[in-house]
Amino acid sequence: MKTAATATTTASTTASTTTGSTAAARRMTSLGRAELTLLGRNKNNLFIALLMPLLMIFVLRSSVAQMDSDALPLGVAGATLVGGTGMVLVLVVYMGLVSAYVARREELVLKRLRTGEARDVEILAGAALPSAAIALLQCAVLTVGGIAVLDVPAPERPDLLVLGLVAAVVLLTGLAAVTTAITRNVESAGLTTLPFFLVSSMGSGMFVPREALPDTVASVCALLPMSGVMEFVRAGWFGVSEGAGAVDTGDLLTAALNTLAWSVITVFAVRRWFRWEPRR
C-alpha cells in the first residue's frame, strides 16, 4: 500500500512539474511574441538588431586586414568570423536588450507583468527571446557566409561553438539587465552601454585579436566578461589543442571558469539592483 501511495505521489508530482514547465514556456513565448511586435515598431532598435551588426562586420574586416599577419594566427577571414560573431552578440543581445528593458520599465510594463502569474525570470527571459533569436540567426548566417564566401573550413567543434553562443546569450542578457540599473531612460542607453561595448571590442578579441596585444594586457583582458565565451567561439571554429588558431585545453578550462564566475556575479547583481519600475 505504501509503495502504491508513493508511486501515485511521485506521478502526481511529475505531472505537476511538467504542467508548470509547460505553462512557464507558454508565458515566456507570449512575452517574446509581444516583444517581437514592439521591436518591429521601433525603427531604431530594429536597425541595431538587423543592420548594425552587418555594417560592423565590414568595418571589422577592413580593420583586421590592415594588421600584421604575424598577429593573426586565425587569418583575416578567421579573425573576421570570430570577431564578427562577438560583435553580433553584443550589439543585438546586450545593447538591444538594455533599451528594451528600460523602455518596458519606464512604461510600467514590467511592474504590471509582476502582478500576474509570470515569475521574474520568465519576464526577463521572455523579453530577451526575440533578441536572442535574431542574434543566433545572424550568427548562423555569418557561419554559412564564412564557409561559402570567405572560404573558411567548417567549424572543427560545432558543439563548442553552440555552447559559446548560448553562454554568451545568457550572460549578455544578465549584463543587460544589470546595466538598466544605471540607465534612466531609453535615450541614455546608448551612453551606458558604450563602455562595455568598447572594452569588449578591444579586449575580448573582437576588433583586436588578443594575440596582437602585449602579454600583460592580454592577460588582464582574459578576465573580461566576454573573453571566456569568445574562447569557446574560437575553439568551435578552429578546434582544441592542435591546428592554426586552435585553443589550448587549459585556456578553454580557464574560459569556462571565467564565464561561470561572471554568470554568478551577474545573477547576484540582477537580484540586487534590477529595478522593476521607474525612479520617482
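None of the figures in this text is laboratory data; all of them are computed from the coordinates on show. Computed from a predicted model, the values in this text were never measured in an experiment. Because the Cβ atoms are built from the backbone with ideal geometry, glycine has one as well, and the counts that use them run over all protein chains shown.
How about region 193-276: which GluC sites (Glu not before Pro) there are in a DSSP loop, with at most 10 other Cβ atoms within 10 Å of their Cβ? All intermediate terms of the calculation are to be shown ahead of the outcome.
Numbers: sites: E211, E231, E242; in loops: E242.
Counting only loop positions with at most 10 other Cβ atoms within 10 Å, the GluC sites (Glu not before Pro) in region 193-276 are E242.
So what is log10(I(q)/I(0)) for region 169-271 at q = 0.16, 0.17, 0.21 1/Å, when the Debye sum runs over its Cα atoms only?
-0.74, -0.82, -1.12
Between R112 and I265, what length in nm is gained on full extension when 0.36 nm per residue of separation is reduced by their alpha carbon distance? Walk me through the intermediate numbers first.
Details: separation 153, 0.36 × 153 = 55.08 nm, distance 2.73 nm.
Answer, rounded to one decimal: 52.3 nm.
HN-Hα J couplings of region 151-168 from phi, Karplus 6.51/-1.76/1.60, θ = phi - 60°, integer Hz, Gly and Pro as x?
Karplus-based 3J(HN,Hα) across region 151-168 equals 6, 8, x, 4, x, 5, 10, x, 5, 5, 5, 5, 4, x, 5, 5, 4, 5 Hz.
Please compute the length gained on full extension between F58 and D159, using 0.36 nm multiplied by the number of residues separating them and subtracting their Cα-Cα distance.
Working: separation 101, 0.36 × 101 = 36.36 nm, distance 2.68 nm.
Gain on stretching F58 to D159: 33.7 nm.
What residues from region 112-153 fall in the zone where the backbone N is under 15 Å from a label point 7 Å along the Cα-to-C-beta line of L36?
Correct set: 126-138.
Highest mean first, what order results for 164-173, 185-194, 92-101, 219-228 on Cβ atoms within 10 Å?
Working: 164-173: 23.0, 185-194: 15.5, 92-101: 26.4, 219-228: 19.8.
Result, highest mean Cβ count within 10 Å first: 92-101, 164-173, 219-228, 185-194.
Find out how many positive minus negative residues lie around V102, taking Lys and Arg as positive, Asp and Glu as negative, among other residues whose Cβ is under 15 Å from that of V102.
+1
What is the list of residues in region 88-127 whose amide nitrogen lies under 11 Å from a point 7 angstrom out from the Cα of A23, following Cα to Cβ?
Output list for this probe position: 117-119.
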